[in-house]
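Here is the structure we will look at.
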Amino acid sequence: MGEPAYTTDEIMSIVASRQLRDGQVCFVGIGLPSEAANLARLSSAPDVVLIYESGTIGTKPDVLPLSIGDGELAEQAELVVGVPEVFAYWLQAGRVDVGFLSAAQIDRFGNLNSTVIGSYEKPGVRLPGAGGAPEIASSAGEVIVMLRHTKRSFVEEVDFVTSVGFGRDGGGREGHLGSGPSIVITDLAVLEPDPKTRELTVTGLHPGVDVDTVRDSTGWNLAVADDLVITEPPTGEELAILRGLKERTAAAHAAQA
Amino acid sequence: MGQFTSLSDAISDLVYDGAAVALEGFTHLIPFAAGHEVIRQSKKELTLIRLTPDVIYDQMIGMGCARKLVFSWGGNPGVGSLHRLRDAVENAHPGPLEIEEHSHAGMAARYSAGASGLPFGVLRGYLGTDLEERTNVARIECPFTGESLSAVPAINPDVTVIHAQQADRKGNIGIWGITGVQREIALAARAVLVTVEEIVDDLQPRGPNFAVLPAWTVDAVAHVPRGSHPSYSMGYTTRDNPFYTMWDVISRDRSLFDDWMKEYILSRDFDGYLAALDDGSILEMASNG
């Protein structure tokens with residue numbers, strides 16, 4: 001039997017979902033992280049606890065929320081609390097094992113930008129801004145980042161540090177409760193911070209992707225590990241669960257007029 | 001004490017040019033009908049405060065109601081950009097817009113401080129971010145442990161407007177589901193207006209996280225069923241996701257936005273808006289445009 005066909009977005013979500021371990025408490029950003037975190041819950045980590053910044057804790061949505069405040073999240077939650085409480089009692093107090101984030105830009109030290117492209121005073125593109133990300137990046141035990149791999153997103157220096165990885169100089173995490181980015185999953189590769197320098201280093205490639213393609217999609221001189229791992233391709237079951245989730249989601253969002 | 005009133009009278013009485021106003025609701029229970037009424041009454045020079053400006057402030061900013069925006073996440077949730085907000089920040093259209101941005105945790109701490117009557121809130125946040133030098137935050141030392149923490153100034157709006165599911169006949173407010181920051185920002189405000197889905201004999205929660213705002217913490221109550229559209233009111237309405245998607249088309253283009261606002265907000269009351277929603281005509285400009 002041949003391997004099932006899949007898209008680069010599908011392998012990104014599936015590899016990201018495999019990072020969550022059963023029973024972990026995960027603070028989920030909307031978009032790509034929400035898709036991967038719910039895929040994990042529906043496949044490899046059924047008892048993962050998902051928290052959204054809307055105050056929905058232990059939620060098990062049947063379809064992906066379009067916004068972080070969809071009714072589905074509240075209806076399927078173990079408990080619902082206010083926004084001040086979710087950030088203070090649950091995130092800041094250290095009850096979150098994993099933060100799951102995306103961004104418009106990332107640099108070699110895992111710092112994330114979701115604020116502006118260009119200068120702050122005269123932005124080329126005004127992005128939505130911080131939301132819950134800075135404190136998730138600071139206080140979650142570790143941070144999983146996922147974003148599509150392009151030269152525009154993987155940049156030498158982010159235009160704005162919205163959320164701290166290891167700081168602009170890679171100097172570290174002093175003053176932060178959590179240990180920072182542990183892994184970055186893209187549609188091409190897997191990157192991890194070097195244990196000494198903290199610089200993001202390619203440690204894995206998705207099947208069929210070569211190192212040159214990853215380098216050409218990165219805005220800095222990318223470090224590559226000696227012992228590169230080739231990602232296990234998505235299984236038929238993983239793909240079926242992901243596609244089912246996305247189909248249910250599309251139908252639900254179109255119907256809610 | 002919460003006086004039952006019409007929405008137009010409440011906005012006219014409480015919201016004045018130059019006021020600092022918070023129309024809150026974290027994706028759920030956003031007081032859209034009240035925002036429309038602010039636009040109809042041509043309020044100007046407002047400082048608009050909200051964690052997520054959402055379509056409600058995109059409409060108010062695009063119509064020139066705002067001088068300043070205080071916020072923490074300015075996107076169209078699940079869809080993309082708020083184009084009227086971006087046009088104001090990037091191109092000063094329809095006028096310059098001062099912005100003051102925070103993180104959600106920082107805004108929540110500011111609201112909680114406001115509700116507590118304290119001058120500032122404290123959190124572990126902002127450390128190492130570029131927000132630290134761009135916004136209203138200071139580092140302080142804990143007098144007990146010496147730990148370095150972030151202080152953010154309290155927010156006490158002149159007027160807070162929220163939408164809730166129920167009011168009883170005495171004006172007590174019942175609210176449930178995702179209650180976001182509404183209790184804090186209501187208790188922080190100098191005046192509070194609540195629009196409600198239903199007026200009932202006894203408050204009856206139909207979902208988790210039930211909270212009550214006693215009548216004596218509220219100034220005005222207006223009965224506005226479906227007043228949170230296109231967001232939702234758990235137990236009464238569902239989120240209109242196609243509307244949020246449509247807004248991306250309408251708000252992208254200045255003249256289309258102006259035409260849409262004139263047709264569906266300025267030339268009708270909220271019942272007229274709902275009628276256009278129910279017969280589907282409210283979506284027409286987006287598909288024709």
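Quick note: the coordinates plus some simple rules give every number you see, no bench work behind them. Treat the numbers as computed from the prediction; the structure is a model and nothing was measured. Please note: Cβ atoms are built from the backbone with ideal geometry, for glycine as well, and neighbour counts cover all protein chains shown.
Structure summary
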item	result
10 Å binning of all Cα-Cα separations within segment A:63-216, expressed as whole percents from 0 upward	11, 36, 34, 17, 2
Under 13 Å, Cβ to Cβ, from A:ARG21 - net charge with Lys/Arg +1 and Asp/Glu -1	-2
Residue among A:GLY99, A:GLY208, A:GLY244 with the largest mean-square fluctuation in a Gaussian network model of chain A, springs linking Cα atoms under 10 Å	A:GLY208
Full-stretch length increase - A:ALA240, A:THR150 - with 0.36 nm per residue and alpha-carbon distance subtracted	29.7 nm
Cubic angstrom per residue, convex hull over Cα atoms of chain A	139
Tensor-based shape of segment A:126-257 (alpha-carbon gyration tensor, a/c under 1.5 rounded, otherwise prolate or oblate)	oblate
Out-of-range pairs (alpha-carbon distance over 30 Å; input A:LYS151/A:LYS196; B:LYS44/B:LYS170; A:LYS122/B:LYS43; B:LYS68/B:LYS262)	B:LYS44/B:LYS170
Antiparallel %, DSSP beta bridges [both residues in the protein assembly as shown], to 5	40
Overall form of the protein assembly as shown per C-alpha gyration tensor (a/c, 1.5; a/b vs b/c)	prolate
Net charge of neighbours whose Cβ lies under 10 Å from the Cβ of B:ALA191, counting Lys and Arg as +1 and Asp and Glu as -1	-2
Loop-located chymotrypsin sites (Phe, Trp or Tyr not before Pro) in segment B:141-228, at most 10 other Cβ atoms within 10 Å (DSSP)	B:PHE144
Pairs of Cα atoms farther than 29 Å apart, segment B:1-158, %	22
Rg to Rh quotient for segment B:79-168, alpha carbon positions, Kirkwood Rh	1.07
222 nm mean residue ellipticity, helices alone, for chain B (DSSP H n ≥ 4; -39,500 (n - 2.57); rounded to 500)	-9000 deg cm²/dmol
Relative contact order (%) - segment A:5-164, alpha-carbon pairs under 8 angstrom, separation at least six	22
Equivalent ellipsoid semi-axes - Cα gyration tensor, segment A:46-129, angstrom	28, 15, 13
Neighbouring partner chain Cβ atoms per residue of B:75-81, average, 10 Å criterion	5
Rg [Å, one decimal], Dmax [Å, integer] - segment A:113-194, C-alpha atoms	13.0, 35
From the C-alpha gyration tensor of segment A:155-230, square roots of 5λ in Å	23, 14, 11
Span from the segment A:161-237 Cα centroid across to the segment B:17-57 one, whole angstrom	41
Prolate/oblate/rounded label for chain B (Cα gyration tensor, a/c 1.5)	oblate
Net length gained if the chain between B:ARG206 and B:TYR16 were fully extended (0.36 nm per residue, minus Cα distance)	64.9 nm
Candidate lysines - alpha carbon under 26 Å from A:LYS246, same-chain residues fewer than 8 apart omitted	A:LYS60
Net charge of Cβ neighbours under 10 Å - reference A:LEU66; Lys, Arg +1; Asp, Glu -1	-1
